[in-house]
1. Could you list, in sequence order, the residues of the stretch 77-94 that are open to solvent by 10 Å² or more (accessible area, probe 1.4 Å) and either without any contact (Cβ under 8 Å) to a residue 40 or more places away in the chain or not in a helix (DSSP H, G or I) (or both)?
2. Looking at the structure I just gave you, is ALA344 in contact with a helix residue (DSSP H, G or I) (Cβ under 7 Å, 6 or more places away or on another chain) and either part of a loop (DSSP other than H, G, I, E, B) or at pLDDT 50 or above (or both)?
3. If we only count helices (runs of 4 or more DSSP H) wholly inside the stretch 156-261, which ones have 2 or more residues that are at pLDDT 90 or above and more than 23 Å from PRO368 (Cα to Cα)?
4. Take the residues of the stretch 1-13 that are open to solvent by 40 Å² or more (accessible area, probe 1.4 Å) and closer than 18 Å to ALA187 by Cβ: which is modelled with the highest pLDDT?
5. Which one is surrounded by the most Cβ atoms within 10 Å (Cβ to Cβ), of the residues in the stretch 273-305 that are assigned to a loop (DSSP other than H, G, I, E, B) and small (Gly, Ala, Ser)?
6. Does the stretch 235-264 hold any residues that are buried (at least 18 other Cβ atoms within 10 Å of the Cβ) and farther than 25 Å from ARG362 by Cβ, and which are they?
7. Would you point out which residue out of VAL63, VAL33 is farther than 27 Å from VAL158 by Cα and modelled with pLDDT of 90 or more?
8. Any idea which residue in the stretch 21-36 is nearest to the chain's Cα centre (by Cα), counting only those that are part of a helix (DSSP H, G or I) and loosely packed, with under 12 Cβ neighbours inside 10 Å?
Amino acid sequence: MQRTLSLVIPEGLVVLLTALLARVGERIEGFDVLATWLPPLVLGAGALIALRFGRGRLVWGLVAVAPFWAWGALGAPGGGWGPVLLSGSALVLLAVAGTRERGMADLRAGHPAALGLLVAGLLALAQWRLDPAELLPDLSSLAGDLSWSGLPATAALVVVGILLVLVALALFRADPLVRGALWALVALWGATVLAARAPTLVLVAGAGAALTTGALEAIFSAAFRDALTGLPSRRALDEHLSGLPADAVVAMVDVDHFKQFNDTYGHATGDQVLAMVGRRLAEVGGARAFRYGGEEFTLVFAGRPVDDVVPVLERLREAIAATTFTVRAPDRPAGRRGKVRRGAGGGTVTLGVTVSIGVAVRGAAESPGALVARADAALYAAKKGGRDRVSLAAGRA
């Protein structure tokens, strides 16, 4: 359910709101003026954000949307232009979604989006020089009944196919700009079907807003979320701690002997350990998990008494200790089945890790820094007491 909702919120919600405005806008006084100014304002704001934060893929996405702005400003003329523009824009948006962010280095001639833009330009040129019936082959027999799409058979095949690919990418890649590209294509599809000046311009603004929202979400995620574990980062924790009520419980979780583990088995295996611990922490009900830094994590429980929290942490500690995995052989190809690392007797090396946990309850006037310091002191006590245990800080500030 959470993954499904993430497909819609917030990028899809932005497009749905603009679609509603396009639908009922003619009843609003001054709607034509609003529709005229929305695209340049939204696309211009998106371009400024892209340049300020070095989002090259956002630039390509806005380039894919811009021809529809011109088309809508001209009154969305017929003659087959809408489906041709939509097919070209879909190719560029697919290239945006299918690549990783490299900043302004993405603005190069060799980027897949540039190839998509070239194809889009060729389609537009052919549309201008040829009769629409001669431009693309009749694939109605292959497409089946796609009349519901409001598009010619060939354009429908291209757009529906790319849309399905974007849905798959959005489900399996944690990249908000992929969702932005998905919903931008939906908005442009709606603009093509409506083919009326003011509604088209509103939906063009919706497409640009979806892309910009996705880029802003990606920027926020980079600042507040740890890339390796997917957990909120130290910066997010600092903000969360400042709003904690009294009696909130903070647990500092540290992987035992992690430096020695890293030195023995390598950083790649160490990253596997951290990712596993992060997943376990994220599964703890009634708590928010954070990556504090290095091999240290934080769990925050609000509105739950410490007597209930400690048994939860004990079960967490036991679950992590019971988790094992096989160490990769140094010569095993990445991402493929193959050799595993062998012990001195030729057996497979199966590893496990343990964690130590320090717990503190926030006092009525205790600062976040003091609270974390007491939880860290309890963590040190757990380490000193033999590791693989939960230690509760004495008293409260």
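The values are calculated or read from the model by the stated rules, or taken from the named source; none is laboratory data. Because the structure is predicted, anything quoted here is derived from the model rather than measured. Here the Cβ is made from the backbone with ideal geometry for all residues, glycine too, and neighbour counts use every protein chain on show. Quick note on the areas: whole protein, heavy atoms, side chains included, nothing else; ligands and nucleic acids left out. Shrake-Rupley method; radii C 1.70, N 1.55, O 1.52, S 1.80 Å.
1. Passing the criteria: PRO77, GLY78, GLY79, GLY80.
2. Judged against the criteria, ALA344 is not a match.
3. 176-194, 197-224
4. LEU13
5. ALA287
6. ASP256, PHE258, ASN262
7. On inspection, the qualifying residue turns out to be VAL33.
8. VAL24
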